Amino acid sequence: MFLHNKRLMYTVRVDEPNPQFARLLLEQFGGANGELAAAMRYFTQAWNEPDGARRSMLADIATEELSHLEMVGQALVLLQRGTPSAEVDKVEGDYLGDLLEGKHEDYIELSTTAPASVLSGGGAALMDSSGKRFTADWIDTLGEPSADLRSDIAAEARAKIVYERLIKQCADPGLKDTLTFLMTREIAHQQMFESALAALVPNFPPGKLPGDEALGHTYIHDSDSFAGPADDAPVGFDLAQGNNTWGFELDADPIGKAAEQQIL
Ligand code: MN
Ligand code: MN
């Protein structure tokens, strides 16, 4: 059950209308890493999750993401105060015929600089900053907790980075404060999902089938640029080997072991 509490989760401040920034901010409303995508990702995972603790966490975070969506929506409306319909009216006059009387250039300029939602009457629209419509294709839930939690961690990392990039382009102190709140909550969510993943023991490899023991620990040296003498350090192998406890064996001659079979 949902009850709508009309108080926002955090005060949304926008000091000056800025339709151009609203266009960028649409990324976090109807975009691939935006708040609606996050809410739908975690709700669908929660409903299908048999483990009570994970279901509870997923539903809590999904609900918070809807509260974020509400905040981003509020910011979009404040950024577009007086626009775009009022601006379009100024350019168009009362009827479409005005467009055919020498005002094309003004209209085109407004269309390219105002938010993508200019033709849908302004406000918050279910699209990203380039005008792509929201789609469930952006949600990659698989129904296996260790795979989905890793994807959730990556989704939170992306959401954090998109907020960071928006903050860096934002000159409005009030909005910066709002975006910093939202960015920080994505940091918190990432840590919650990291904890949920760590609580799955074992969580690697994902699923039940272990794979072939030797093959799973083999680093295949497929890069020509490092296929020289043994002292020509294979930096990819060093990177893989040096930073985890899994342990790799280096296969320096994959060609020598290749199948006799050839591609048809
Ligand atoms: Mn969020
Ligand atoms: Mn989040």
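The values are calculated or read from the model by the stated rules, or taken from the named source; none is laboratory data. All values reported here derive from a predicted model rather than from experimental measurement. Cβ coordinates were reconstructed from backbone atoms using ideal geometry, including for glycine residues, and neighbour counts include every protein chain displayed. Ligands, DNA and RNA are stripped out before the accessible areas are found, and what is left, the full protein with its side chains, is counted by its heavy atoms. Shrake-Rupley method; radii C 1.70, N 1.55, O 1.52, S 1.80 Å.
Once R0 is set to 45 Å, what does the formula 1/(1 + (r/R0)^6) return for the Cβ-Cβ distance between residue 154 and residue 259, expressed as a FRET efficiency to the nearest 0.05?
Using R0 = 45 Å, I get an efficiency of 0.85.
Give me the net charge of residue 163's neighbourhood, meaning all other residues with Cβ under 15 Å from the Cβ of residue 163; Lys, Arg count +1, Asp, Glu -1.
With Lys, Arg at +1 and Asp, Glu at -1, the net is -4.
At a 1.4 Å probe radius, carbon and sulfur cover how many percent of the accessible area of the range 138-224?
Its accessible area is 60 percent carbon and sulfur atoms.
Once fully extended, how much extra length lies between residue 200 and residue 213, figured as 0.36 nm per residue of separation less the alpha-carbon to alpha-carbon distance?
2.5 nm
Mind giving me the FRET efficiency for residue 250 and residue 147? R0 is 22 Å, r the Cβ-Cβ distance, nearest 0.05 is fine.
Working from the Cβ atoms, E equals 0.20.
So how do 245-257, 171-183 stack up, highest first, on mean other-Cβ count within 10 Å?
Per-residue Cβ counts within 10 Å, averaged per peptide and sorted highest first, yield 171-183, 245-257.
For the range 167-180, just list the computed ³J(HN,Hα) in residue order, Karplus coefficients 6.51, -1.76 and 1.60, θ = phi - 60°, integers in Hz, with x standing in for Gly and Pro.
4, 5, 9, 9, 9, 9, x, x, 5, 4, 4, 4, 5, 5
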